[in-house]
Amino acid sequence: MNAYKRFRAIAGVATLFSLLSITGQAQGLCFEPAQNYAANDEPFSVFAADLDGDNDLDLAVANRNSDNVSVHMNNGDGTFAAAVSYATGNGPHSVIAADLDGDGDFDLVVANYYNRNVSVLKNNGNGTFAAAVNYATGDGPKSVFAADLDGDDDFDLATADPNSDVVSVLKNNGDGTFAAPVSYLVGDEPFSVFAADLDGDDDFDLAVANINSDDVSVLINFGNGTFAAAVSYAAGDGAWSVFAADLDGDSDFDLAVANANSDDVSILRNNGDGTFAAAVSHAAGDYPKSVFAADLDGDNDLDLTVANFFSDHVSVLLNDGNGSFAAASSYAAGDGPYSVFVADLDGEGYLDLAVANWNSDNVSILLNCTTPPPCDCISFCDMDQNGTFDPLDVSYIVNYVYLSLDARPVLLPCPADNGDWNCDGGVDPLDVTWYVQFVYKSSGVDPCDPCNCDSYPSDCPPYP
C-alpha cells in the first residue's frame with residue numbers, strides 16, 4: 001500500500017481521512033461527557049493517527065504559546081497517556097500527520113505562525129519523534145495540509161498564509177525533505193487549506209477559507225502540482241475553516257465552511273466540475289472555528305461537527321441524506337474549543353470526538369455512546385436474498401471470504417445447484433460440512449469427484 005493510501009485508510013479526512021463511518025445505522029446519536037487530558041499552553045489544533053503502530057489512534061496537538069506539539073498515546077480504549085512534548089517553531093497553529101518519508105509510519109508537520117515556516121518531525125518508528133526540521137512558507141502560516149499534489153506518490157505540503165494572502169506549496173523531494181515554497185494568491189487572510197479532487201480529474205485541488213474576504217478560494221491543479229488562479233465563492237462572515245467531502249451523495253466533493261462571525265456553517269455544493277453553487281448556511285454555536293465531516297450516525301451520509309470557541313461546545317449537524325442538515329445538537333467540551341477531529345478512538349466501531357481547547361489547555365475526548373443497531377442476522381446473512389438464512393448462504397459466505405472472489409456473492413449468478421457439493425441434488429448441512437472441510441483443511445479432494453457422485457454432473461461447481 002502506498003503512502004497516500006495508508007494515510008487515507010487510517011486518518012480519515014475527505015480524501016484526507018477517508019471519511020470514517022460507523023457500522024450499521026445508529027439508534028440515537030449520543031456522546032459521553034467529555035474526558036479532558038492536559039496538553040500544553042494554548043492548544044490550537046488536534047489530529048488523530050496511529051503514531052506508534054499499535055493499531056489505535058493517538059493524538060497530536062499543536063500548542064501555540066508553548067511552541068511545541070504534544071503527543072498523547074492511546075491506551076487502546078480511548079483513554080490517553082500523559083502528553084510527551086516536542087519542540088516546534090514559534091506559534092504552532094496547525095498539526096497534521098502523514099508518512100512524509102515513505103517508511104510506513106506517520107510523521108508530523110506543524111505550521112508555525114510567527115516563524116513563517118513549517119516544522120517536520122520524523123517518526124522514529126515507535127511514536128517518538130526526531131528534532132524538528134524547518135522549511136520556509138509564506139508569512140504567518142495558520143494551517144497546513146499534506147497530500148500528493150504533484151502525483152509522484154509522496155506527500156507534499158500546502159499552507160494557508162494570512163499575512164501574505166497566499167497559499168504556499170512545498171513539494172516533497174521524495175525523502176521527507178521539501179523544496180522551496182511556491183505561492184499562489186488567494187483571498188484576504190486565508191486561515192485554512194484543504195486538498196481534494198474537486199473537479200474529478202484524479203489530482204488534488206486546493207480549497208482555502210479566507211476570513212476577511214468571507215469566501216473560499218478554489219485553486220484547480222494542472223496535474224503536476226501547479227495551480228490555476230484562484231476562483232472565489234462567497235461563504236459566511238469570517239470564513240475560518242474549510243473541509244471538503246461528498247455531502248450530498250453525488251460522488252463529488254462539496255465544501256463546508258465554519259464562519260466565526262456569523263456563527264454558522266456554509267455548504268457549497270459542487271456542480272460536478274469543481275465549480276460551486278451559492279452557499280447555504282446552517283446555524284452552529286458561538287464563534288465556530290473548526291468543521292469536520294464524518295458519518296456519525298451510520299446512515300451512509302456525512303454529518304458535520306463544529307468546534308464553537310465562545311460557547312464551549314461542539315455542534316453536531318446530522319445530514320438528511322441529500323446535503324441538507326438538521327438543527328445543531330450541542331455537546332460540552334472544554335474552555336475555548338478551537339479544533340475538532342473525528343475518529344474511532346476507542347476501537348468500538350463508532351466515531352468519537354477530540355477537541356483542542358485553547359483556554360483550558362487540554363483536549364476533550366467525547367466517546368460515542370450511540371446504541372448499536374439491533375442484530376438482524378437474516379438480512380445480514382441472506383446472501384442470495386431469498387428471505388431465509390440457509391446452507392446455500394453459508395456456501396456463498398465461505399466462497400466469498402475464503403476464496404477471495406472479487407464481488408459480493410449476492411451480485412454473482414446464483415443457480416440453485418451452486419452449493420450442492422456432494423451432488424445429491426440438494427443443498428443441506430452436509431454440503432456445508434464438505435465445503436468448509438475442503439476450504440479450511442485444504443484436503444485437495446474435489447467434493448464433486450466421481451467417487452462422490454454416481455456420475456460427474458456438469459452442474460457441479462468449479463474446482464476452487
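The values are calculated or read from the model by the stated rules, or taken from the named source; none is laboratory data. Here the structure is a predicted model, which is why all the values come from computation and not from measurement. Cβ: placed from backbone, ideal geometry, glycine included. Neighbour counts: every protein chain shown. Areas reflect the complete protein model, heavy atoms only, side chains present, ligands, DNA and RNA absent. Shrake-Rupley method; radii C 1.70, N 1.55, O 1.52, S 1.80 Å.
Packing, taken as the mean count of other beta carbons within 10 Å per residue, orders the peptides 156-162, 294-300 from highest to lowest as 156-162, 294-300. Over segment 60-198, what is the mean sequence separation of C-alpha contacts under 8 Å (at least six apart), divided by residue count, expressed as relative contact order in percent? RCO, segment 60-198: 16 percent. Assign one of three labels to segment 130-285, namely rounded, prolate or oblate, based on the Cα gyration tensor with a ≥ b ≥ c the square roots of its eigenvalues; rounded applies when a/c is under 1.5, prolate when it is not and a/b is larger than b/c, and oblate otherwise. It is oblate, given that a/c is not under 1.5 and a/b is not larger than b/c.
Measuring nothing but protein heavy atoms, the accessible surface of segment 270-311 at 1.4 Å probe radius is 49 percent carbon and sulfur. As a calculated quantity, the FRET efficiency between ASN124 and ALA278 at R0 = 45 Å, using C-beta atoms, amounts to about 0.40.
Of the heavy-atom accessible surface of segment 159-258 (probe 1.4 angstrom), what whole percent is carbon and sulfur? Don't jump to the answer; show the numbers that get you there.
Numbers: 1550 of 3140 Å².
So the carbon and sulfur contribution to the accessible surface is 49 percent.
From most to least packed by mean Cβ count within 10 Å, the peptides 238-247, 62-71 give 238-247, 62-71.
Just subtract the alpha-carbon distance of ALA38 and PHE310 from 0.36 nm times their residue separation and send over the number in nm, one decimal. Write down the numbers at each step before the final one.
Numbers: separation 272, 0.36 × 272 = 97.92 nm, distance 1.99 nm.
Value of the extension gain: 95.9 nm.
FRET efficiency for ASN173 and ALA228, Cβ-Cβ distance as r, R0 = 25 Å, nearest 0.05? Walk me through the intermediate numbers first.
On the way: r = 24 Å, r/R0 = 0.98.
With a Förster radius of 25 Å, E is 0.55.
Once the 1.4 Å probe is applied to the protein heavy atoms, segment 51-96 comes out at 33 Å² accessible per residue. Our estimate of slack between ASP54 and ASP201, defined as 0.36 nm per intervening residue step minus the Cα-Cα distance, is 49.4 nm.
Determine, from the Cβ-Cβ distance of ASN359 and ASN300 and an R0 of 56 Å, the FRET efficiency 1/(1 + (r/R0)^6), rounded to the nearest 0.05. Before the final figure, lay out each step's value.
Working: r = 37 Å, r/R0 = 0.65.
Approximately 0.95, to the nearest 0.05.
Charge tally around THR137: other residues with Cβ under 9 Å, Lys/Arg +1 each, Asp/Glu -1 each, net -1.
Calculated accessible area for segment 244-289 comes out at 34 Å² per residue, all protein chains present (probe 1.4 Å; ligands, DNA, RNA ignored).
Could you tell me which of LEU185, TYR233, GLY223 has its Cα farthest along the dipole of segment 112-262 towards the positive end, charges placed at Cβ (Lys, Arg +1; Asp, Glu -1), taken about the Cα centre? My answer, from the dipole projection, is LEU185.
Length gained on full extension, ASN134 to CYS30: 33.3 nm, using 0.36 nm per residue less the C-alpha separation.
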